[in-house]
1. From largest accessible area down, sort Met1, Met122, Met22; use a 1.4 Å probe on the protein chains.
2. In debye, nearest 20: dipole of the stretch 1-103 around its Cα centre with unit charges on the Cβ of K, R (+) and D, E (-)?
3. Report, as a whole number in µm² per second, the diffusion coefficient that Stokes-Einstein gives for the stretch 1-91 at 25 °C and 0.890 mPa s using the Kirkwood radius over alpha carbon pairs.
4. Mean Kyte-Doolittle hydropathy of -0.5 or higher plus an axial Cα length of 27 Å or more: which whole DSSP H helices in the chain meet both?
5. For His128 and His71 in one chain, what is 0.36 nm times their gap in residues minus the Cα-Cα distance, to one decimal in nm?
6. Just the ratio, please: alpha-carbon radius of gyration of the stretch 124-164 over 2.2 N^0.38 Å, N its number of residues.
7. Assuming R0 = 45 Å, can you tell me the calculated FRET efficiency for the pair Lys117 and Asp5, based on Cβ-Cβ distance, to the nearest 0.05?
8. I'd like the accessible area for Ser124: 1.4 Å probe, protein heavy atoms, all chains in place, Å² to the nearest 10.
Amino acid sequence: MAQQDLVALHNDFYNQAEVHFMIFDHNLDIIDANDAILKFYHMKREDILGKNLSDLAPDIKEKGLYDKYLHVLKTGEPIVIEDSISHSIFGNQVNRIKVFKVGDGVGSATSNITELKNSIEMLSVLSHRISHDVRSPINNILGLADLALDEDTDPATMRNYCSL
């Protein structure tokens, strides 16, 4: 495959993916973003190129996330961040952000995992309910069995416990 074809494939992949990709320089200024993030946030590429990460997410420094990007920039060690955001237009969402070294800057790949987090929470509630609903009848059966074993072996008493 020719280098030119490979570059075209990379560009198609980068821009067709649902994951939000961004590349930042050593000052955490945006030098590129894929089409998915631009479409999602209704932005134009020229509106965000050159802007600093803190311009896009004003609370990023208060949350301590900006320092995590700086840490990746300094050490080259990739990190994964799960962050909840509230947006007046897009609502509440949970994102998983992988931040990694790219050249002398960093890249980020952001996935919306809100549905996954909600599903996990619903499964947790369901398992708690099932556990509670199953535990009570089993404890009742065990309690009656203990009573039956402690009693003498009168058949009428045993039948009474069994019917309970």
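1. On the way: Met1 170, Met122 135, Met22 15 Å².
So, going from the largest accessible area down, we get Met1, Met122, Met22.
2. Values: 11 positive and 16 negative charges, 38 e Å.
The dipole of the stretch 1-103 has a size of about 180 debye.
3. Details: Rh = 14.8 Å.
Using the Kirkwood radius from Cα pairs, D works out to 165 µm²/s.
4. Counting only whole DSSP H runs, the qualifying helices are 114-150.
5. Numbers: separation 57, 0.36 × 57 = 20.52 nm, distance 3.90 nm.
Full extension from His128 to His71 adds 16.6 nm.
6. Details: Rg = 14.1 Å, N = 41, 2.2 N^0.38 = 9.0 Å.
The value comes to 1.56.
7. Working: r = 39 Å, r/R0 = 0.87.
Once rounded, the FRET efficiency stands at 0.70.
8. 70
The values are calculated or read from the model by the stated rules, or taken from the named source; none is laboratory data. Since the model is a prediction, treat every value here as computed from it, not as a measurement. Positions of Cβ are backbone-derived with ideal geometry, glycine not excepted, and every protein chain shown enters the neighbour counts. Note: areas computed on protein heavy atoms with side chains; ligands, DNA, RNA excluded. Shrake-Rupley method; radii C 1.70, N 1.55, O 1.52, S 1.80 Å.
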